[in-house]
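J.: Have a look at this one before I ask anything.
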Amino acid sequence: MIKKVLLLSDASSVHTKRWEEGYTFLGWDVYTVSFEKKLYDFKNFEEINLMVKNNYKYLIGYFKLKDVIEKIKPDIIFPHFIPNYGLLSFFEKIRKKIPYVLTIWGSDLLIFPYKNKFKNLLTKFILKNSNGIVVDAKFMKEKIKEDFKIEEEKIFVIPFGVKKDLRELGKKKKFEEDGKVGIITYRKMEPIYNQEIIIKALKIFKDEERKYFYVDFLGTGSLYNKFKEMIYNEGLFDIVNFNGYVDDKRLISLLLKDSIYLSASFSDGTSVSLIEALTFGLFPVVSDIKGNREWVLDNVNGFLFNPNDKKELYLKLKRAIMDKNLRKEAFSINKRIIEERANWEENLISFKEFVIKRI
């Protein structure tokens, strides 16, 4: 029987906080350990603080992690991300025979294994020795089966999902008939999320077109200053609200107000921000990648575009702004999709059943 679980994950990520809440919802005592500084409150938390800043910190810190695990004595480990916490959990399975169910976030499967043969072999080793593997998109399950020869019953697909209180709030939102169309984009300002092409596409809009919309541009990251400077240099501050980091309360207020969700990411599983946007009936204009295709049917409940083509993004964004009827039809469709496929509480219960079977 599972009573005490160890969550190994990046404590600076909201995803980790949501999983801690999810495991707690399932009735488990959750202990969170991270090599990163926490940005959220965790009930039982321990940071392994090292002076080393490169990826070797995980291997060096393993000796401290062993002491923490001896103190906690978990029934199971839930590592998040393959090459760091997944690897450390494999060590613990060998040392103490503690089972681990690995949760994959995206780039750790879609990018890391294909950098070189060693990383590919390491990924395969960690996957094969796990008790179970959790992904948030169907295409990722197929990739694991095909590229790493992992049996289907070992892989569980669970979209991150939306909690009941947020779904109920989304249901109350009414379609806005009049006024400027609000566009929101909120991804980390890092190269993989490709916000630069958004700025380039916005530059194409003529002065007479700009009066119909505005953009809430949110996020933080290593490219924050670069993007802020680009927006200034391109003369876009009349239509772009460059907000940086916002808390959950402010984000929800924007999702209740805005009408279009925009993301140009090169790589994603099931994007949490996309799911949140659909919850509030926003019309998604998102990159044409496998993760997005599982949620967006082009020209029906949103638009897909080539993330390298600023002209295509401009044209689809322009149509989304001007075609009120299309947005209105998608408004109710997208809310229904969330109720049917992204009920977080129901998905968690299915996840618990999967975990119990695997150990």
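Where a number appears in this text, it was derived from the coordinates with a stated rule and is not lab data. Worth saying up front: this structure is predicted, and the values here are computed from it rather than measured. Every residue, glycine among them, receives a Cβ derived from its backbone with ideal geometry; neighbour counts consider all protein chains shown.
J.: Going by Cα centres, the range 1-44 and the range 187-221 are how many Å apart?
T.: 34
J.: Any idea which of Phe25, Leu256, Asn131 is furthest toward the positive side of the dipole for the chain, if Lys and Arg beta-carbons carry +1 and Asp and Glu beta-carbons -1?
T.: Asn131
J.: A follow-up question, please. With +1 on the Cβ of every Lys and Arg and -1 on the Cβ of every Asp and Glu, and nothing else charged, how large is the dipole of the chain about its Cα centre, in debye rounded to the nearest 20?
T.: Dipole size: approximately 740 debye.
J.: Would you mind working out the magnitude of the charge dipole of the range 238-292 relative to its Cα centre, with +1 at each Lys and Arg C-beta and -1 at each Asp and Glu C-beta, to the nearest 20 Debye? Don't skip to the answer; put the middle values down first.
T.: Details: 4 positive and 7 negative charges, 17 e Å.
Dipole size: approximately 80 debye.
J.: Still on this structure, please answer the following. Any idea which of Ile337, Gly244, Ile199 is furthest toward the positive side of the dipole for the range 164-341, if Lys and Arg beta-carbons carry +1 and Asp and Glu beta-carbons -1?
T.: Farthest towards the positive end: Ile337.
J.: Same structure, new question: Would you mind classifying the range 164-341 by shape? Square roots of the alpha carbon gyration tensor eigenvalues, ordered a ≥ b ≥ c; an a/c under 1.5 is rounded, otherwise it is prolate if a/b is larger than b/c and oblate if not.
T.: Because its axes are fairly even, with a/c under 1.5, the range 164-341 counts as rounded.
J.: As an exercise, use a Förster radius of 25 Å and the Cβ-Cβ distance of Tyr56 and Lys357 to find the FRET efficiency, rounded to the nearest 0.05.
T.: So, using R0 = 25 Å, E works out to roughly 0.10.
J.: A further question follows. Can you return the lysines within cross-link range of Lys138? Criterion is Cα-Cα under 17 Å, with same-chain partners fewer than 8 residues away left out.
T.: Of all the lysines, those that pass the test against Lys138 - Cα under 17 Å, at least 8 places apart if same chain - are Lys149, Lys154, Lys290.
J.: With the crude spin-label approximation of a point 7 Å out along Cα→Cβ, what separation in nm comes out for Ile333 versus Phe45?
T.: Those two pseudo-labels are separated by 4.1 nm.
J.: Compare the peptides 136-142, 341-347 by average per-residue count of other Cβ atoms within 10 angstrom and give them in order, highest first. Write out the running numbers ahead of the final one.
T.: On the way: 136-142: 20.4, 341-347: 17.7.
Packing order, densest peptide first, comes out as 136-142, 341-347.
J.: Between Ile94 and Lys66, what length in nm is gained on full extension when 0.36 nm per residue of separation is reduced by their alpha carbon distance? Please list the in-between numbers first.
T.: Working: separation 28, 0.36 × 28 = 10.08 nm, distance 1.21 nm.
Contour length minus Cα-Cα distance gives 8.9 nm.
J.: Please sort 294-304, 32-42 by packing, taking for each peptide the average over its residues of neighbouring beta carbons within 10 angstrom, highest first.
T.: 294-304, 32-42
J.: Oh, and also: Using only the Cα atoms of the range 85-238, build the gyration tensor, take square roots of its eigenvalues as a ≥ b ≥ c, and label the shape rounded, prolate or oblate: rounded if a/c is under 1.5, else prolate if a/b is larger than b/c, else oblate. Could the numbers behind the result be given before it?
T.: Working: a/c = 3.02, a/b = 1.92, b/c = 1.57.
Prolate, because a/c is 1.5 or more and a/b exceeds b/c.
J.: I would also like to ask the following. Once you charge only the Cβ atoms, +1 for Lys and Arg and -1 for Asp and Glu, what is the size of the charge dipole of the range 164-341 about its Cα centre, to the nearest 20 debye?
T.: Using only the charged Cβ atoms, the result is roughly 240 debye.
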